[in-house]
Amino acid sequence: MISEFFINDTFFIQRLDPRLRIVFATAYSFAVALFAHLQTLITALLISCMMLVMAGVNFRVLAKRLLAFNSLVLLLWLVLPITFSGEALYYIGPFTITREGVLFSAQITLKSNAIMLAFIALIATTPVSVIGHALEKLFIPQKIVHILLLTYRYVFVIEQEYQRLIRAIKTRGFIPKTNIHTYKTYAYLMGMIFIRSVDRAQRVYQAMICRGFEGKFHSMDLFALKRQDYICLPFMTTTIIGLEVLEWIVTI
Amino acid sequence: MDRHNIIIQLEHIEFSYPNGRSVLKDLDFKLKSAQKIGLIGHNGSGKSTFLQIMVGLIKASSGTIRIFGEPVKNEKDFRKVRKEIGLVFQNADDQLFSPTVLEDVSFGLLNQGKSAEEARNISLKLFEDLDLKGFEDRVTYKLSGGEKRLVALATVLVMEPKVLLLDEPFSGLDEATRERIIQILSHLNISYIIVSHEYDSLAQTTTDICSMKNGRITFDGDSSALHSHFHKHPGGIIQHKHNR
């Protein structure tokens, strides 16, 4: 199940205009992704952590997410240091760990975590419906926004349908094994879910037509920049410029 | 004089599925103003098809449809019709597609060209009337089955249709929610057609009973006679109470 764990708008960041948050998160991610120096990246990671605190994120849930995410990063640590060419640091059996490999892995770890944390603080704290409408206001094509919103709405219904089917086959004594019967059953299951999804899409569309839908969605949310947004804007800009300056100073 | 009172008139409607099975055969039907019809019939007898044909979701193979005396033929005509006739789907999940309840209820109003502000106010007013206060920010997929059904009804009622078509509005509901839907329907002063198998609920919400058999609709008498009528159906075997 997808859940919106992080939403709690008593916290400062969560009261900011979602458009502002999306724009800042995107600009910040691009900036961080392009930095090369560890000093800048560590600073960025600290800034991201600060944003998390301001967003009032539930740390237990956060830890779980980070664990899942960093297990992917761990894979890089297993591969990159021994496959990168460069100055040798250690020798483990037939493998050579290179300085460049370790640095590169560290860079990726810092970058990805900094971006991830910033996104959790700024975006994961916003309900998907609000993100959708904010994207619409930011001139993202309507079609893409509606795919996002409708997917989000029906992914649960499809999951329920899947669970129902799974229960139905389990109650009839199905135990997955490595054989044709199992593969066939799963293939039928997938096929059935696709067919039902198509049917449902048709019915949803019909229901929309019945309520006068003519291809255009009208948004309900009225976004307006408030004082706190105007106060935050210079801070956000300064953060990105500051990081860029830091990166530049470290380079020379 | 009777002619002016007829809201929906179907004549010689024929419809077959793509596989050739004929569902509606030379169907004639009339809905008069202030008439509240309960439609019963076996599964697969074409009741849902009949509802969908009236709002143009399915095209009849032949026959004529008149709504408020005007013949409706193509998609353009039906678009106008759909503003007057609200269809409540059997499965509320098909009806509720927006993230929040308020957005879903406002959807039809926005399509009617109302401003976001107006749509919000009208919707909130309706929530109050339907005793759904506080539902506006609820997330549609997290509602219970009964709540979904009530909200789905609200999404259509908010558009103030002149006729309401309801496909199995009582099925699978608990007693309390069923009672609420019955209350809402019996307080409406518009015509409607309810497709249902629940004779007790129909007796409380409709004035006339029709049944669908062999692709045609026959008038079975008024709902107060439902009692004597429905024991001819297998449903009469099951023990039940009558409120009338």
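The values are calculated or read from the model by the stated rules, or taken from the named source; none is laboratory data. Since the model is a prediction, treat every value here as computed from it, not as a measurement. Because the Cβ atoms are built from the backbone with ideal geometry, glycine has one as well, and the counts that use them run over all protein chains shown. The protein model used for the area step is the full one, side chains on, heavy atoms only, and it has no ligands, DNA or RNA in it. Shrake-Rupley method; radii C 1.70, N 1.55, O 1.52, S 1.80 Å.
A few comments on the model shown:
- Every residue from the stretch A:183-225 that is over 25 Å from A:E159 (Cα atoms), more than 11 Å from every other protein chain (Cβ to nearest Cβ) and loosely packed, with under 13 Cβ neighbours inside 10 Å: A:A224
- A residue that is assigned to a helix (DSSP H, G or I) and among the polar types (S, T, N, Q) occurs somewhere in the stretch B:121-135.
Matching residues to (1) under 30 Å from A:I7 (Cβ atoms); (2) touching a residue at least 24 places away in the same chain (Cβ under 8 Å); (3) not small (G, A, S):
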{"residue": "B:A119", "(1), (2), (3)": "yes, no, no"}
{"residue": "B:S123", "(1), (2), (3)": "yes, yes, no"}
{"residue": "B:R138", "(1), (2), (3)": "yes, yes, yes"}
{"residue": "B:K142", "(1), (2), (3)": "yes, no, yes"}
{"residue": "B:G146", "(1), (2), (3)": "yes, yes, no"}
{"residue": "B:R149", "(1), (2), (3)": "yes, yes, yes"}
{"residue": "B:K162", "(1), (2), (3)": "no, yes, yes"}
{"residue": "B:P169", "(1), (2), (3)": "no, yes, yes"}
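- Only one entry in A:V73, A:V61 is outside any strand (DSSP E or B), farther than 30 Å from A:E244 by Cα and touching a residue at least 24 places away in the same chain (Cβ under 8 Å), namely A:V61.
- Within this structure, A:A118 passes the test of being assigned to a helix (DSSP H, G or I), surrounded by 20 or more Cβ atoms within 10 Å (Cβ to Cβ) and away from chain B (no Cβ under 14 Å).
- Set A:I147, A:I158, A:I108: member being within 20 Å of the chain's Cα centre (by Cα), within 13 Å of chain B (Cβ to nearest Cβ) and surrounded by fewer than 19 Cβ atoms within 10 Å (Cβ to Cβ): A:I147
- Some residue of the stretch B:131-144 being in contact with a Gly (Cβ under 9 Å, 6 or more places away or on another chain) and aliphatic (A, V, I, L, M): no
- Of all residues in the stretch B:111-132 being modelled with pLDDT under 90 and under 22 Å from the mean Cα position of the chain (by Cα), the one that is least open to solvent (accessible area, probe 1.4 Å): B:N111
- Residues of the stretch A:66-84 that turn out to be out of contact with any helix residue (DSSP H, G or I) (no Cβ under 8 Å at 6 or more places or on another chain) and open to solvent by less than 70 Å² (accessible area, probe 1.4 Å), as a count: 2
- For the residues A:A31, A:A25, the requirement of being part of a helix (DSSP H, G or I), small (G, A, S) and closer than 30 Å to B:K142 by Cα singles out A:A25.
- On the stretch given as the stretch B:105-118, residues that are part of a helix (DSSP H, G or I), more than 7 Å from chain A (Cβ to nearest Cβ) and either in contact with a helix residue (DSSP H, G or I) (Cβ under 6 Å, 6 or more places away or on another chain) or among the polar types (S, T, N, Q) (or both) total 2.
- The residues of the stretch A:14-65 that are among the hydroxyl-bearing types (S, T, Y) and open to solvent by less than 20 Å² (accessible area, probe 1.4 Å), listed by number, are A:Y28, A:S29, A:T40, A:S48.
- Only residues that are open to solvent by 10 Å² or more (accessible area, probe 1.4 Å) and in contact with a Ser or Thr (Cβ under 8 Å, 6 or more places away or on another chain) were counted in the stretch B:28-47, giving 6.
- Given (1) within 14 Å of chain A (Cβ to nearest Cβ); (2) under 26 Å from B:Q204 (Cβ atoms); (3) surrounded by 22 or more Cβ atoms within 10 Å (Cβ to Cβ), number of the condition B:G56 does not satisfy: (2)
- Members of the stretch A:27-76 found to be at positive phi and either of a type in the set (D, E, K, R) or touching a Pro at 6+ places or on another chain (Cβ under 7 Å) (or both), listed by number: none
- Restricting attention to the stretch B:79-90, the residues that are more than 7 Å from every other protein chain (Cβ to nearest Cβ) and open to solvent by 50 Å² or more (accessible area, probe 1.4 Å) add up to 4.
- Unmet requirement for B:P18, which otherwise passes all of (1) loosely packed, with under 13 Cβ neighbours inside 10 Å; (2) touching a residue at least 12 places away in the same chain (Cβ under 8 Å): (2)
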